[in-house]
Every structure is written in structure tokens, then in C-alpha cells.
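So the structure is just underneath, and the comments pick up after that.
The values are calculated or read from the model by the stated rules, or taken from the named source; none is laboratory data. Quantities reported herein were computed from a predicted structural model and do not represent experimental measurements. We place every Cβ from the backbone using ideal geometry, glycine too, and count neighbours over all the protein chains shown.
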Protein chains: 2
Amino acid sequence: MNRKQRIAIDMDDVIADTVEKFLSIYRREHNLELSAEEMHGKELRDALPAELYSTTRQYINQPGFFRDIPVMPDSQRVVKELYEKYDVFIVSAAMEFRNSLIDKYDWLAEYFPFIVWEHIIFCGLKIVNVDIFIDDRSRNFAGFEGRALLYTSHHNLLIDNYERVNNWQQVADKLL
Amino acid sequence: MNRKQRIAIDMDDVIADTVEKFLSIYRREHNLELSAEEMHGKELRDALPAELYSTTRQYINQPGFFRDIPVMPDSQRVVKELYEKYDVFIVSAAMEFRNSLIDKYDWLAEYFPFIVWEHIIFCGLKIVNVDIFIDDRSRNFAGFEGRALLYTSHHNLLIDNYERVNNWQQVADKLL
């Protein structure tokens, strides 16, 4: 193969700490603190008290929600290093949330300015032709025949049939 | 293969008559009428008088530009029929223009409401894993090993090394 290997990198809960954004909202708006134990193996909404179950959907659809998500620790440094060695593509299922599109575009421009527009993909199903795929949702690996790296998040802790990375330093150790 | 065949369909100058939108602007704003002969084998900007060369870039970056593009004749009917038989994905290089994202999303919702968000891809490089690819830009076929259908547009009339479709009825004749 003459070309560089291609890596697809997800946004939410991989380079963007979207769970932390949610937790800060529940802390502020509902005086609620969720522990790692309460979130273990669960979607965030399922770890919430029943009366708040539907609120994740409300918050996530608000314009601006995706604009100030904290950056995942070490992701900027490691993605920049990967960008030199591989063909790196950001691949987010942004299409699920209309209002996320411009926020995610601007967020990437602010925190990952070295990623050119040609290498950004907002989609639904991730039918991308890449060699390595870093994502926290194992459903996105369906049909994918390359190397899948499951980025650890509370909701995927009970899944054990994928190569796993717990943080960006582990991604660096494996791929750099 | 158990799954349906996948088709990627481009937006601009394939399901959206973007050249016609430009022509209507030049007609209205500059009292300029471009003939098919003047556009033959050229990018639109190269068919314009020199003093207007840079204006395509200005217009295309305006919020709203992509929201009211005319729908390409027969595209709604044929894409709907394709959608029944194939896994159809809309694949647009929308990422080149920040302000196009929401306009394109809303345009699709209005004119192609049957296309679910999972099947919409806004990207740069079109590294999609599909079987059939309908696009007016042959550069998007680079590295693609499936069946490429070059959708005829003024700018691609001098390209002769791809299977060509001149309109949506011809797509229907080939694929339905």
C-alpha cells in the first residue's frame, strides 16, 4: 500500500469529553452528582433519576451544547502527532443533531485547527474506508474490517470483545 | 453479499442545481447571461468576466446560499425509488463551506424528507465505502473501486473516461 494508513477518530467521548459536559449541567441545574459506579456500563440517561431521563435529549439539542465541550486530556497532542504519521479523519455522527453541526465545526476549528476541512466527516452511519477506527460506540464498528480501538467510556465498560484504549496516552503507545 | 448495494449520491449539481442558482444570481445582480457554450468544459468562475471571477466564492459563503437551490429535475422521484432498492447515502463535500452545513441539512429535510439522518454524510474527501457513486466531480472517484457514474455538468464535459449520466431519468434507466 502506497498511501498512509487512515485513522478515523470519533468526537464525542473520544476527543470531546461530552459526558463531563453533561455532568457539569446536572451538577449546576439539578444539584446532582453521578459517581463512576452509578454510570458503570450504562448510558448516561439510564444512570439519571427517572424524572430526568428525557432531559439529556433536551440539553443535547440546544444550540451551543457542543460548542464548549471540554477537550479530552492529551487528545490535542496525540492527534497532532498521529496527523503527521497517518491520514487522520475526524468522523462524528453529528447528523443526529441538527444544531450540533455548526458547533462541532467551530469546536474543531478552535481545538484542532491543524485538521483541514477535507479530513472532517459529519455523518450518521460511519461507512468510512479507513484502516484504524477509534470510537467509544462499538455499533460503529459493525462491518468494519480494520483495526478497531474502543475508547473507554462509562457506557461501554461491559463490552469486552474489542481492543480497548483508556486514554490518549494509550493511543499514543499503540500507534506512535 | 447479503447487504443491499450502497449508492453514494452527491448534492451540488447532482440533486441540487447549484449552477442554476449561480446563474440566477448573475442574471439578477450583474445582468449577465451565460450560455451553455460559454460554460462548456469550464468551472463557472472561469466562464465569468475577469472582474467577477472572485464573486462565486463570496456568494457561496453567504448564509442561505445553499438553502434555496433548485432541485434537479426528476431527482426526488428517482432517488426515492433508488432508496427502496439500495442503501442510499447522500455524500456532500459540505465541509468546505462552514455556512453550508445547516442550509444543506434543512434543504435535504425539505426536498428529500425520506432520507434519514443515518444516511447523510457531510465531508471533505469522500472516503466512503459504497458500491456505486454518482458525482459530478471526477476527483471524488480517486481511489474508488466501485461503479462511478459521472453526472453531467458543464465543467465536466471534456472528461471522457467515466460512465456518464446526463439526467436522473438516465440514472433510473441504469439502476432501477
Take residue B:38 and decide whether it is of a type in the set (D, E, K, R), in contact with a helix residue (DSSP H, G or I) (Cβ under 8 Å, 6 or more places away or on another chain) and in a helix (DSSP H, G or I). yes
What is the number of the single condition among (1) surrounded by fewer than 22 Cβ atoms within 10 Å (Cβ to Cβ); (2) in a strand (DSSP E or B); (3) touching a residue at least 40 places away in the same chain (Cβ under 8 Å) that residue B:169 does not meet? (2)
Check whether at least one residue in segment A:129-141 is without any contact (Cβ under 8 Å) to a residue 40 or more places away in the chain and more than 15 Å from the chain's Cα centre (by Cα), and report yes or no. no
Failed item in (1) assigned by TED's automatic domain parsing to the domain that holds residue A:122; (2) part of a loop (DSSP other than H, G, I, E, B), with residue A:65 passing the rest: (1)
Among the candidates A:159, A:120, A:69, which residue alone is more than 13 Å from chain B (Cβ to nearest Cβ), touching a helix residue (DSSP H, G or I) at 6+ places or on another chain (Cβ under 6 Å) and surrounded by 19 or more Cβ atoms within 10 Å (Cβ to Cβ)? A:69
What tally of residues in segment B:68-88 results from selecting those that are in contact with a Leu (Cβ under 8 Å, 6 or more places away or on another chain), assigned to a helix (DSSP H, G or I) and of a type in the set (A, V, I, L, M)? 2
Checking B:51, B:33, B:110 in turn, the sole residue that is among the charged types (D, E, K, R), over 16 Å from the mean Cα position of the chain (by Cα), surrounded by fewer than 19 Cβ atoms within 10 Å (Cβ to Cβ) and assigned to a loop (DSSP other than H, G, I, E, B) turns out to be B:33
Counted residues, segment B:128-166 - those being among the small types (Gly, Ala, Ser) and not in a loop (DSSP other than H, G, I, E, B): 2
For the list (1) under 16 Å from the mean Cα position of the chain (by Cα); (2) touching a residue at least 24 places away in the same chain (Cβ under 8 Å); (3) at the interface with chain A (Cβ under 10 Å from one of its Cβ atoms); (4) outside any strand (DSSP E or B), I need the number of the one condition that residue B:91 fails. (4)
Is at least one residue of segment B:130-141 under 23 Å from residue B:74 (Cβ atoms), touching a Ser or Thr at 6+ places or on another chain (Cβ under 7 Å) and either surrounded by fewer than 19 Cβ atoms within 10 Å (Cβ to Cβ) or basic (Lys, Arg) (or both)? no
